[in-house]
Amino acid sequence: MTHLPDYRSLLADTLAQYQGQVDFLSIRLETIQSTDMVLRNRRIEALGERVAIGGQVRACHRGGWGFTSFDALDTLAEQVQYAIAAAKAVGTEVTQLAPVAPVQATCRTEITGIDPQRVPLAEKKALCAHYQEVLHSVSDKITTTTVRYGDAAHRVLLATSEGTWIDQSWVDMEMRFSATATGEGMVQVGRETTGSRRDYGDLLGLDAQVRGAAERAVRALSLPKVAGGVYRVVIDPILTGLFVHEAFGHLSEADMLYENPDMLEVMSLGRRFGPPELQIWDGAAVPGHRGSYAYDDEGVPAGMTQLITDGVLTGRLHSRETAGKLGEPPTGNARCLNYHYSPLVRMTNTWIAPGTASLADLLAGLGEGIYARNWLGGMTNGEMFTFTAGEAWRVRRGELAEPVRDVTLTGNVFQTLAQIEGIGKDLAWDESGGCGKGGQNGLPVGCGGPSLLIRDVVIGGD
């Protein structure tokens with residue numbers, strides 16, 4: 001990876017020069033070495049290796065923020081002056097940043113297996129081409145296939161006017177696969193996604209998983225469409241992870257709350273949202289996942305925040321500013337995609353803790369309803385969510401019956417949490433997440449949970 005020189009003296013001297021001119025000042029320098037590749041229908045649509053070097057400056061004065069990003073490191077002094085001027089131009093109130101102890105730290109997220117930076121581009125291309133052939137081999141009804149590959153090695157230097165100095169680095173990898181099947185007068189899609197921060201080897205040997213995406217697309221062409229209605233459902237850990245991240249996690253991000261008094265009232269600490277067995281967590285301190293790190297982009301140590309305890313809302317996710325304004329401790333959730341963007345309050349690894357029920361127990365408790373696995377797509381709008389399952393079955397007398405297609409689950413997140421009737425013990429993690437917020441799309445996160453039994457879920461269909 002391309003290395004930043006030791007800028008410690010430069011950053012310390014620059015911060016000292018402007019000390020006291022604003023309430024808070026931070027400088028972040030970053031290198032990114034990345035590979036991106038897209039193959040569609042056996043043809044390369046995009047392929048590139050890039051190196052980016054740049055930085056950002058953030059200044060806060062009387063509650064107003066100034067921000068600038070830059071690619072020319074020799075303009076650092078001018079960038080600091082610009083950020084300070086911008087902060088002073090808009091600041092009219094009181095700066096409220098939750099206090100944190102200054103830290104001096106060097107943190108390396110170590111690769112435990114094969115480092116993707118040491119894998120030749122030709123090998124990565126061959127891997128993508130192989131997975132394309134796996135998708136096409138399933139059936140001649142597969143008309144479109146897409147394989148996407150990406151890896152990025154980051155090194156970040158963060159220095160603040162409060163005395164923090166952090167040197168942090170990591171490598172992130174992701175692959176996405178999709179297959180479109182056409183026939184029987186319709187079109188069906190199957191998708192799979194995977195990612196890792198540990199080992200390029202995690203992306204190898206995925207033939208069965210990749211083939212499954214194409215097989216689901218072909219199989220769905222001949223499946224009956226589910227009848228629309230209100231059902232009791234069991235969802236698998238992958239759908240649980242999607243649900244807790246998209247439907248609940250974003251509502252726990254405090255920058256969505258302190259500017260919205262109505263939603264802040266809805267998300268009042270101490271309010272019951274679910275059964276006593278329900279526990280929801282977010283935290284970057286849990287090791288080994290794509291949302292894991294040592295310090296956030298404000299230099300706050302990674303935390304473990306219990307958002308729901310025994311069914312009751314007990315926590316939310318913070319930057320230093322949102323924590324200061326709401327009078328709560330910072331949680332280490334201020335993150336930016338890269339140096340081009342200012343940190344926002346973002347999830348890290350978000351999960352529902354496992355319960356004690358087996359999948360067989362949940363299906364037996366379901367009796368009659370729908371069992372849904374994996375995800376195909378979805379969206380949220382405030383409290384409302386809509387998710388489409390990758391595959392689903394009718395359940396009769398507690399046993400899987402006929403498979404069905406086009407199972408779209410819709411509901412209000414608060415009502416749905418209250419309708420959880422069973423929590424499985426089969427905790428699983430989904431490392432495929434790339435979260436989007438505020439124009440910063442693709443931020444690596446982890447999400448997970450167990451299978452859930454939920455009553456009164458609205459499912460679209462015929």
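Worth pointing out:
- Size of charge dipole - the chain - debye, nearest 20, with Cβ of Lys, Arg +1 and Asp, Glu -1, no other charges: 640 debye
- Local charge for Pro450 was computed over the other residues whose Cβ lies under 15 Å away, with Lys and Arg +1 and Asp and Glu -1, and equals -4.
- A Förster radius of 35 Å combined with the Cβ-Cβ distance from Ala122 to Leu73 puts the calculated FRET efficiency at roughly 0.60.
- Which of Ile44, Ala77, Gly63, positive extreme of dipole for region 35-79 (C-beta unit charges): Ile44
- Lys/Arg +1, Asp/Glu -1 at C-beta; the chain dipole; positive extreme among Thr356, Val226, Tyr293: Val226
- Residues of region 167-218: accessible area per residue with a 1.4 Å probe, Å²: 34 Å²
- Shown for the chain: lysine pairs separated by 8 or more places, or found on different chains, whose C-alpha atoms are under 29 Å apart, numbering 6.
- Protein accessible area in the chain, 1.4 Å probe - carbon and sulfur %: 51 percent
- Accessible area (Å², per residue) of region 326-412, counting only protein heavy atoms and a probe of 1.4 Å: 39 Å²
- Cα centroid separation, region 42-121 to region 189-222: 34 Å.
- Net length available on complete extension from Asp456 to Met186 is 94.3 nm, with 0.36 nm assigned per residue and the Cα-Cα distance removed.
- Cleavage-rule hits, GluC sites (Glu not before Pro), region 148-216, DSSP coil, Cβ neighbours within 10 Å at most 15: Glu184
- Take the Cβ atoms of Ala360 and Ala52, set R0 to 56 Å, and the FRET efficiency comes out at 0.65.
- Unit charges on C-beta of K, R, D, E only; dipole of region 386-462, Debye: 140 debye
- Table column - 3J(HN,Hα) (Hz), region 313-329, Karplus curve with 6.51, -1.76, 1.60, x for Gly and Pro: 5, 10, x, 8, 9, 9, 8, 5, 5, 5, 5, x, 6, 9, x, 10, x
- Modelled spin-label separation between Arg42 and Val90, with each label point placed 7 Å from Cα along the Cα-to-Cβ direction: 5.2 nm.
- Accessible surface area normalised per residue over region 233-275 is 35 Å², counting heavy atoms of protein chains with a 1.4 Å rolling probe.
- Count Lys and Arg as plus one, Asp and Glu as minus one, and take only other residues whose Cβ is under 10 Å from that of Ala254; the net charge is then -3.
- Region 376-398 and region 142-160 have Cα centres separated by 28 Å.
- Net charge of neighbours whose Cβ lies under 15 Å from the Cβ of Pro330, counting Lys and Arg as +1 and Asp and Glu as -1: -4
- Helix 121-136 axis, angle to the chain major axis (alpha carbon atoms, nearest 10°): 20 degrees
- In degrees, nearest ten, helix 8-17 long axis to first principal axis of the chain (Cα): 60 degrees
- Listed candidates [x] 34; [y] 45; [z] 41 - label of the one calculated as percent of Cα pairs over 32 Å apart: [y]
- Across region 1-130 the C-alpha pair distances fall into 5 Å bins from zero in the proportions 2, 8, 14, 15, 14, 12, 10, 9, 8, 6, 3, 1 percent.
The values are calculated or read from the model by the stated rules, or taken from the named source; none is laboratory data. From a predicted model like this one, the values you see are computed outputs, not experimental measurements. Neighbour counts run over all protein chains shown; Cβ positions are idealised from the backbone, glycine included. Accessible surface is based on the protein model in full, side chains and every heavy atom, while ligands, DNA and RNA are left aside. Shrake-Rupley method; radii C 1.70, N 1.55, O 1.52, S 1.80 Å.
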